[in-house]
Structures are given as structure tokens and as C-alpha cells.
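The values are calculated or read from the model by the stated rules, or taken from the named source; none is laboratory data. All values reported here derive from a predicted model rather than from experimental measurement. Ideal geometry is used to build each Cβ from the backbone, glycine not excepted, and the neighbour counts take in all protein chains shown.
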């Protein structure tokens with residue numbers, strides 16, 4: 001317990017390192033991690049805990065900007081500890097009465113916030129956004145061709161899904177798994193801000209229909225992974241309505257903005273979706289994992305996935321069986337992911353989440369305002385960030401004098417990886433980089449930890465310059 | 001913290017109830033679970049924690065026999081708390097260095113125990129046995145027809161999977177999801193002990209081939225959910241070899257027996273499988289969830305699932321990228337499930353798991369020996385239990401005098417549900433019941449909690465008789 005609490009305190013302390021980096025081989029050799037036949041004593045076990053935490057990334061550190069999920073909420077953490085202690089499964093009310101009710105209450109609230117009348121509909125907490133998106137694809141297919149459950153894809157025409165070229169790779173992964181195939185996922189062009197272009201969507205739908213294929217799903221993104229872009233949901237909804245296609249919104253990253261009166265307009269049209277992925281473990285700071293898939297039509301998940309296993313879902317039990325959620329899931333045993341979100345919501349209130357989100361977006365704008373005209377920085381796209389994603393190149397002095405040609409691009413592409421490697425070796429901060437399309441490696445800054453401050457943003461800029469000026 | 005530790009202490013105390021049962025509507029009304037706009041204070045939050053635990057099932061209670069996952073291991077719990085505190089994701093070494101290495105070490109050890117030379121192969125911890133089985137099906141299909149990833153099921157002949165009629169429903173669920181269709185899962189007959197009959201398997205494979213279909217997967221079960229039966233793996237392996245079919249072993253429940261020198265013979269032949277599902281969260285008492293899918297051929301998971309998302313799996317990072325596990329998963333973010341198993345293994349040693357398993361099996365035999373000749377009990381199948389599953393009817397005095405006809409069957413079918421409902425209302429113990437095939441509702445006793453004793457088994461029998469004798 002002391003070891004854990006010490007770690008928590010350290011995570012919040014800016015004078016500690018974000019990471020004590022070691023290469024995989026070093027780490028494997030530095031310590032004996034092997035599993036043995038003989039038991040070890042308590043002292044040794046505590047030492048393992050200390051060692052594990054010593055080399056862990058402090059994801060709650062205010063200068064850890066590497067992923068969409070950062071921060072460490074103390075109520076969320078306590079709730080996760082309670083969940084571990086209760087050590088049960090979500091499949092029936094019988095063995096998880098409170099958690100099953102809390103899932104019911106929480107999903108309903110989330111549907112109300114999306115804007116579905118009376119919070120009607122269905123949903124589930126699933127192990128991550130990729131699985132939530134896969135659920136959406138599965139349910140959309142079942143809605144159009146229920147016979148696919150028994151007969152498989154052989155019984156249906158070629159199905160086509162549409163999503164933007166900036167969307168998350170889980171759409172393709174899902175299509176591969178579900179037997180649809182990645183070739184049947186059409187990537188729609190985006191504008192320079194990373195938003196899906198509706199006219200291209202419509203053109204590609206018509207094209208697919210002309211070939212005799214059946215468009216069955218459009219997955220719009222609310223908050224893309226790299227640019228933080230919001231697809232124009234209203235325009236997408238119109239097209240889906242016109243062509244009778246299931247509209248899914250992958251709001252894994254952007255869903256949190258629905259909690260903010262100031263920012264929720266960015267998701268206008270989400271209320272017209274048939275399904276929505278929303279990960280409270282990202283922008284709302286809930287400990288990992290907490291991802292919801294919300295579905296507008298009730299009963300569909302159940303028909304799609306149920307197998308009537310009588311040994312698990314006995315029909316002659318003495319309570320109202322509509323609370324047994326197991327048969328609508330792909331999983332059998334399902335981890336309790338709801339309690340941390342529910343307890344944090346009670347502790348912060350919706351207003352607390354709103355303040356959290358507004359603050360993170362304000363910090364992103366602060367960063368944007370500093371670097372947009374600062375020497376040595378180039379923005380990857382113009383304009384204020386819509387989410388907390390700020391994408392930029394740092395151009396070291398030696399490159400600033402070069403003409404904008406291939407050699408410069410090639411040298412620029414190597415800058416971010418080196419700065420990142422140095423950041424990790426010093427352990428002072430972490431931020432992500434990646435190439436995208438024809439754009440060479442650039443930094444993608446994201447902020448989801450409300451413990452971050454203006455000073456932490458200032459520190460990041462200074463650190464990039466300190467570590468990159470000689471390149 | 002005090003609230004959680006108090007709960008743990010109570011869970012181990014036989015004088016406390018296993019469950020304080022309330023009907024869903026009662027529980028919804030008894031307490032205000034709604035999510036609000038305004039924050040609540042610490043006192044209120046602590047009260048919510050207390051209330052949640054008050055109505056929770058004490059899954060660690062030595063008289064909770066309801067599910068395959070029971071018990072509460074203190075080292076496992078501490079490890080799960082550490083996991084929550086570290087709050088990270090498994091996709092890259094960059095953000096989970098230690099956990100990624102521990103997954104590598106632990107999966108290798110599990111493969112060694114299965115018996116694959118040098119522990120070679122691949123694997124992943126996935127969110128439950130159903131998803132592990134789905135992975136196996138996905139990889140088996142990809143191995144035979146790699147083009148299915150891009151082209152979908154339309155590009156391949158009709159694929160057929162085989163599993164026993166006693167196998168877990170996740171095989172059908174997986175087939176429905178993957179676009180194979182439940183009609184293409186052939187259920188093979190079992191003998192009276194619930195073991196797959198190899199001659200029926202071979203007959204059905206030949207039949208499928210004659211129809212022009214392609215058998216691609218046999219999923220044998222090591223430890224069925226209800227009977228705890230072990231399919232004859234050696235015979236299944238011979239058939240799979242003969243017809244060149246992927247052999248999967250669903251050892252979600254039975255895998256733990258591999259840790260016991262006394263019982264591992266029941267899985268003889270598992271070393272010839274191409275993939276194995278093994279859930280340490282069941283028989284090994286690891287907190288939920290901890291399920292492994294092990295694959296004999298290295299690299300196959302990666303080719304099957306990778307999408308090369310450059311923003312997540314940058315190829316120009318400064319460390320050995322072979323440790324990044326994310327692209328072989330179906331999920332993007334993946335919960336850290338390995339640490340609890342690893343730390344428990346260090347604390348108990350393999351010998352500790354062996355003692356745990358031997359003890360639970362001894363308790364099952366103890367139960368079997370008491371009831372096999374006791375008045376008022378009928379065994380669902382003859383012979384000593386192979387796993388900890390003991391399946392039986394309790395026949396109340398009023399039914400003992402009846403002839404063996406439909407009326408008796410109909411009345412007998414109502415006995416277990418009433419006793420179970422009474423158990424839950426008294427809160428004294430919990431055990432599962434279900435019908436199966438032509439067998440009406442019977443009790444399925446399982447023991448996976450090493451805290452259970454002979455006295456707890458005696459108590460269960462007395463309680464069944466106390467609650468059922470008037471029926």
C-alpha cells in the first residue's frame with residue numbers, strides 16, 4: 001500500500017522523471033523476471049512491486065503527453081481498487097447486482113447526453129475502442145442481413161464500409177476479423193484539417209452501388225487520433241439517411257467534449273447516429289479501460305449476439321432477467337469497467353468533467369498560440385485546434401536556412417525521433433510523433449490530464465528546443 | 001482503504017453472508033444511483049463505496065461455488081491494485097516496458113508447460129476466454145486462407161469448424177462474428193461423460209468434405225463448463241493431422257491442471273495443438289480478467305492482425321521494436337492483465353499453484369464420495385470427477401417415492417431453481433444449476449477457491465437438504 005501511494009505522490013511531482021528508460025535487453029538482464037517453481041517471501045514480492053514501478057512510465061505525471069489516455073484520478077483509482085476487490089464478472093445480475101445496475105444507469109445517461117430521446121437504446125462497456133467499433137460493424141451488418149449470423153458472409157452480397165483516411169485503424173482491423181475484408185473498407189478523402197469530405201463520401205457510395213456492392217456502414221470520426229478532427233456529422237447523417245446506411249460515430253477520443261457546453265457543438269449530428277463509440281478512459285480521465293459502445297435501437301445487440309447458453313443464462317431464475325447483460329456481449333466473462341466512471345461522475349459531477357475538458361482544450365489553445373508564430377515551428381495544419389491535438393514540426397536552426405526540398409524533408413523527418421529518444425533518455429517529458437500521408441514525422445501534442453498547467457506547456461517547448469537545437 | 005480491507009476480511013469470514021440479495025427493482029429504488037451535475041464530497045463517495053460492497057457478491061467467500069472463477073488471492077489483489085496505479089496500456093514497450101517484458105516471460109513459460117519445444121510460439125492476454133477462442137478461429141482461418149484478410153469470406157470456400165456439443169458457446173459466437181456463421185459450426189457428439197467422440201468427429205469431417213466444404217478448425221475442450229470433461233486430445237490430434245486441420249484446445253477451465261503433476265495427464269496431447277486458450281483467472285485463482293491465447297507458430301498473429309498504423313507503431317523508434325505487441329492484437333489499447341499472474345507465480349511458485357489445484361480436486365472428490373451413495377442424491381454421470389465439476393440432482397423426499405416418469409422429471413426440474421433462490425435469499429452459499437440436453441435442472445458444483453474446506457462441502461450438502469427437503 002505504501003509502495004503504491006508513494007508512487008502516486010511521485011507521479012504528481014514534477015521533479016521526478018516521467019520515465020527511467022532502459023532498453024528491452026538491458027531491462028531483461030538487469031533483473032531476474034523468470035517464473036520459478038519455488039515460492040518467494042513477502043519481502044521479495046514487495047521488492048518486485050517496487051522494481052516494476054521504478055521502470056514504469058508515470059502516466060499520471062503532468063508532463064506525460066504521449067497518449068490519449070493520461071492522468072491519474074484518485075477517485076477513479078480508488079474505484080478501480082474496489083472493482084478488483086469485488087472481483088466479479090458482468091454477465092449476470094446474479095453475480096454483479098450493483099455493477100449491472102450502474103452500467104444500466106450510466107449507459108442511459110450517456111445516451112441522453114448523445115441526444116437520443118429519453119436515453120433510449122442499448123449499449124455495453126467493452127475492452128477498448130477498437131472492440132467497440134467492431135461491435136458497431138457487427139451490429140450494422142446484422143441489422144441489414146440478420147441471416148449472416150447463421151449463414152455467414154457467403155449468404156450476403158459484398159458489403160462495403162466507409163470511413164475517412166484519418167480514421168482509426170480499428171475499422172480495417174474489424175473488417176478483417178468479421179470476414180468483410182479490408183478491401184471493403186473505403187477510405188474517404190479528408191480536407192486539410194483532417195475532416196471527411198462529404199461529397200467524396202457520396203461519390204464513393206454511388207460508385208459502390210453501381211458495382212453492385214452494398215454500402216452498410218459509414219463510420220464518421222469525432223476526434224481523429226492524430227489531428228483531433230471532427231467529421232461533419234450532420235452532412236454525413238444526411239448522406240446515411242439518403243442511402244439508408246448505418247451511421248456509426250467513432251467518438252472514442254472526441255466523445256468527452258459532449259460534457260462541455262462550450263465544445264459540444266463540434267459533435268452536432270451525433271444524435272442522428274445509429275451507434276457511437278465513446279471512451280471515458282481518454283478525455284474524461286477514467287483509469288484504463290473504460291470504453292462504451294452505445295446503440296440507438298434497443299434489442300439489436302441481444303439478437304445479434306445471443307446464443308442462449310442455458311447453463312449461464314438460466315431462464316427460470318427468481319429475478320427480472322432483463323438485467324442479465326451477458327448474452328448481448330461478444331465476451332462471456334466481462335470485466336467491470338463501469339464503476340470507476342460512475343464513482344468519478346458522482347465525485348466530480350458532470351460539471352467537474354466539463355471543467356476538466358475545458359481546461360485541457362484551453363491548454364491546447366495556449367500551446368497553439370505560443371508556437372504558431374514562434375521561430376523554428378511549423379504547424380502541420382492551419383487554424384486553432386478543435387480538440388487538444390496540436391500538430392507541429394520543430395525545425396532546428398541548421399534546417400531553417402535550407403530550401404524546401406527533398407533533402408530538407410528527409411532531414412526534418414529525422415528530427416522528431418531523435419528529440420523523442422532524448423526525451424525518454426532524460427526522462428523529462430514524453431510526446432508522440434508520427435508521419436501521416438505525405439507529411440514527414442511531426443509532433444502530435446495531446447492533453448488529457450487536467451493536472452497539466454501552462455508551465456508544463458512552456459516546459460515542453462523549452463525541452464524540445466534544448467534537445468533539438470543541435471540537430 | 002479501510003473499507004476495502006474490511007470487505008476482504010469479511011469475505012473470508014464464514015459467519016458473514018455470501019450475498020445480501022435484493023431484487024433489481026428494490027435495489028434501484030433503495031438507493032439513489034443516478035448521475036448528477038453537481039459534485040459530491042468525500043464522505044458521500046465513501047458511502048457509495050460502502051453501499052456498493054454491501055450489495056456485492058462476496059466472490060472470495062469460501063462458500064461461494066457459483067462460478068468457475070472464485071476466491072480472492074491477496075497477492076493477486078495487490079498486483080491488480082498496482083496495475084491500476086500504473087494505469088497504462090499494453091500496445092508498446094514505450095509505454096509499458098516492464099509489463100510487456102513480463103507478458104513475454106509469462107507466455108513463454110505457459111508455452112513450455114503446454115509442451116511446445118523451448119516454449120517457442122506466440123500468444124497474448126485477451127479479455128476473456130471467449131475472445132481467446134475467437135482469436136484462435138481467426139488465426140486458423142488466416143493460416144489456411146491469408147487472402148481472407150483483404151478479400152473477406154467471399155473469396156474463400158465454405159469453412160467448417162468442429163467442436164463438441166458440450167463445448168463453450170463462444171465458439172458459435174465467434175463464428176457468427178467472424179462471418180463464418182453458426183451453421184458452419186458442427187457439434188460433435190459426446191459420450192456420457194461429456195467427452196467428444198473421435199469417431200463422430202471423423203465422420204463429420206468426411207461428410208463436410210464430401211459436400212465440398214473446407215474443415216479448418218477443430219476446437220477440443222479441456223474441461224467443459226458443466227461436466228468438467230476433457231476431450232481425448234491425442235485422438236483429436238491424430239484426426240487433425242490426418243485431415244490437416246488446425247487443432248485448438250479450449251483449456252480455459254482445464255488449463256490450470258497443467259500445473260499439477262498428478263492431474264496433467266488429463267490434457268495429454270495438448271502439446272500437439274496449434275493453439276490453446278488457458279484462463280489463469282479460473283482454476284489458478286488470478287483476479288479477473290486473465291486469459292491467455294497461446295499459438296504454436298510464431299509470427300502468425302502478427303501477420304493476421306497487423307494494420308501498420310504508423311502513428312502508433314513508429315518504425316524509427318530507438319529500441320528493439322519486436323517488443324511492441326499492439327499490432328498483433330485485435331484491440332488497440334489493451335489492459336494489463338499479466339502482472340497479477342506473474343506476481344502470484346512469484347509468490348506461490350509453480351508448486352503453490354500445484355497445491356492449490358490438487359486441493360480443489362481433492363475437495364471435489366470428497367463431495368463426490370459423500371453424495372454418490374447418499375439418500376436423495378442422483379449423479380448426472382457416473383464415475384469420479386475429472387475436474388472439480390460435480391453434477392447431481394437433489395431429490396426431495398416427496399419425489400423419491402415417484403416412478404421415473406415425465407411428471408417426476410417435471411417436478412425435479414423445479415427443485416434446483418427453488419433451492420438456489422432460497423440460498424440467495426438466506427445468503428448462505430451459492431452454487432450453479434442448469435439443464436443440459438435431455439437432463440433437467442441439476443446442480444453443478446465447482447471448486448476453484450483454495451480457501452474452501454471439507455467443512456464447507458459438508459455445509460453445502462446440509463444447506464441443500466435444509467432448503468430443499470419440503471419441496
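See the values below:
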read-out: Filtered residue count, the range B:280-328, keeping only those that are surrounded by 23 or more Cβ atoms within 10 Å (Cβ to Cβ) and touching a helix residue (DSSP H, G or I) at 6+ places or on another chain (Cβ under 7 Å); value: 15
read-out: Filter result for the condition that a residue is closer than 28 Å to residue B:232 by Cβ and facing chain A (nearest Cβ under 8 Å), over B:318, B:281; value: B:281
read-out: Those residues of the range B:1-12 which are more than 8 Å from chain A (Cβ to nearest Cβ) and without any contact (Cβ under 8 Å) to a residue 24 or more places away in the chain, in sequence order; value: B:2, B:5, B:6, B:9
read-out: Residue B:267 at pLDDT 95 or above, over 21 Å from the mean Cα position of the chain (by Cα) and either under 26 Å from residue B:196 (Cβ atoms) or surrounded by fewer than 24 Cβ atoms within 10 Å (Cβ to Cβ) (or both); value: no
read-out: Given (1) at pLDDT 95 or above; (2) surrounded by fewer than 24 Cβ atoms within 10 Å (Cβ to Cβ), index of the condition residue A:154 fails; value: (1)
read-out: Conditions (1) over 14 Å from the mean Cα position of the chain (by Cα); (2) touching a residue at least 24 places away in the same chain (Cβ under 8 Å); number of the one not met by residue A:223; value: (1)
read-out: Candidates A:359, A:348 - the one that is under 26 Å from residue A:223 (Cα atoms), more than 10 Å from chain B (Cβ to nearest Cβ) and either part of a helix (DSSP H, G or I) or touching a helix residue (DSSP H, G or I) at 6+ places or on another chain (Cβ under 7 Å) (or both); value: A:359
read-out: Matching residues in the range B:14-23 - criterion: being under 18 Å from residue B:53 (Cβ atoms) and facing chain A (nearest Cβ under 10 Å); value: B:19, B:20, B:21, B:22
read-out: Leading residue by the ranking (nearest to the other protein chains (Cβ to nearest Cβ)) among those in the range A:420-438 that are touching a residue at least 24 places away in the same chain (Cβ under 8 Å), buried (at least 17 other Cβ atoms within 10 Å of the Cβ) and in a helix (DSSP H, G or I); value: A:424
read-out: Tabulated pairs, the range B:27-54, first in contact (Cβ under 8 Å) with a residue 12 or more places away in the chain, second in a loop (DSSP other than H, G, I, E, B) and surrounded by 13 or more Cβ atoms within 10 Å (Cβ to Cβ), C-beta under 7 angstrom, 6+ apart or interchain; value: B:27/B:55; B:51/B:31; B:54/B:20
read-out: Residue within the range B:372-385 that is within 14 Å of chain A (Cβ to nearest Cβ) and either more than 30 Å from residue B:76 (Cα to Cα) or modelled with pLDDT under 95 (or both) present; value: yes
read-out: The range B:234-244: number of residues that are in contact with a helix residue (DSSP H, G or I) (Cβ under 7 Å, 6 or more places away or on another chain) and surrounded by fewer than 24 Cβ atoms within 10 Å (Cβ to Cβ); value: 4
read-out: Qualifying residue in the range B:186-195 (condition: under 20 Å from the mean Cα position of the chain (by Cα), under 21 Å from residue B:278 (Cβ atoms) and at pLDDT 95 or above); value: yes
read-out: Filter result for the condition that a residue is closer than 17 Å to residue B:236 by Cα and either in a helix (DSSP H, G or I) or outside the structural domain of residue B:330 (by TED's automatic domain parsing) (or both), over B:200, B:183; value: B:200
read-out: Criterion violated by residue A:181 - all others in (1) within 14 Å of another protein chain (Cβ to nearest Cβ); (2) surrounded by fewer than 20 Cβ atoms within 10 Å (Cβ to Cβ) satisfied; value: (2)
read-out: Residue check, residue B:160 surrounded by 18 or more Cβ atoms within 10 Å (Cβ to Cβ), more than 9 Å from chain A (Cβ to nearest Cβ), in contact with a helix residue (DSSP H, G or I) (Cβ under 7 Å, 6 or more places away or on another chain) and part of a helix (DSSP H, G or I); value: no
read-out: Hits in the range A:291-315 - residues which are facing chain B (nearest Cβ under 10 Å) and touching a strand residue (DSSP E or B) at 6+ places or on another chain (Cβ under 7 Å); value: A:291, A:310, A:311, A:314
read-out: Restricting the range B:114-136 to residues that are assigned to a helix (DSSP H, G or I) and out of contact with any strand residue (DSSP E or B) (no Cβ under 9 Å at 6 or more places or on another chain), the residue that is surrounded by the most Cβ atoms within 10 Å (Cβ to Cβ); value: B:119
read-out: Only listed residue being at pLDDT 95 or above, away from every other protein chain (no Cβ under 14 Å) and over 20 Å from residue B:59 (Cβ atoms), chosen from B:417, B:396; value: B:396
read-out: Among (1) within 24 Å of residue B:131 (Cβ to Cβ); (2) assigned to a helix (DSSP H, G or I); (3) over 22 Å from the mean Cα position of the chain (by Cα), the one test that residue B:215 misses; value: (2)
read-out: Restricting the range B:322-345 to residues that are more than 25 Å from residue A:290 (Cα to Cα) and more than 7 Å from chain A (Cβ to nearest Cβ), the residue that is nearest to the chain's Cα centre (by Cα); value: B:344
read-out: In the range A:30-39, the residues that are more than 7 Å from chain B (Cβ to nearest Cβ) and surrounded by fewer than 16 Cβ atoms within 10 Å (Cβ to Cβ); value: A:30, A:32
read-out: Hey, residue A:139 surrounded by 21 or more Cβ atoms within 10 Å (Cβ to Cβ), farther than 14 Å from residue B:153 by Cβ, touching a helix residue (DSSP H, G or I) at 6+ places or on another chain (Cβ under 6 Å) and without any contact (Cβ under 8 Å) to a residue 60 or more places away in the chain or not; value: no
read-out: Subset of the range A:439-457 that is without any contact (Cβ under 8 Å) to a residue 60 or more places away in the chain and farther than 17 Å from residue A:70 by Cβ - its residue that is surrounded by the fewest Cβ atoms within 10 Å (Cβ to Cβ); value: A:439
read-out: All positions within the range A:392-409 that are loosely packed, with under 13 Cβ neighbours inside 10 Å and closer than 23 Å to residue A:460 by Cα; value: A:398, A:400
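A quick yes/no check of all residues on (1) more than 30 Å from residue A:265 (Cα to Cα); (2) within 9 Å of chain B (Cβ to nearest Cβ); (3) out of contact with any helix residue (DSSP H, G or I) (no Cβ under 8 Å at 6 or more places or on another chain); (4) at pLDDT 95 or above:
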{"residue": "A:41", "(1), (2), (3), (4)": "yes, yes, yes, no"}
{"residue": "A:47", "(1), (2), (3), (4)": "yes, no, yes, no"}
{"residue": "A:56", "(1), (2), (3), (4)": "yes, yes, no, no"}
{"residue": "A:68", "(1), (2), (3), (4)": "no, yes, yes, no"}
{"residue": "A:71", "(1), (2), (3), (4)": "no, yes, yes, no"}
{"residue": "A:89", "(1), (2), (3), (4)": "yes, yes, yes, no"}
{"residue": "A:94", "(1), (2), (3), (4)": "yes, yes, no, no"}
{"residue": "A:106", "(1), (2), (3), (4)": "no, yes, no, yes"}
{"residue": "A:115", "(1), (2), (3), (4)": "no, no, no, yes"}
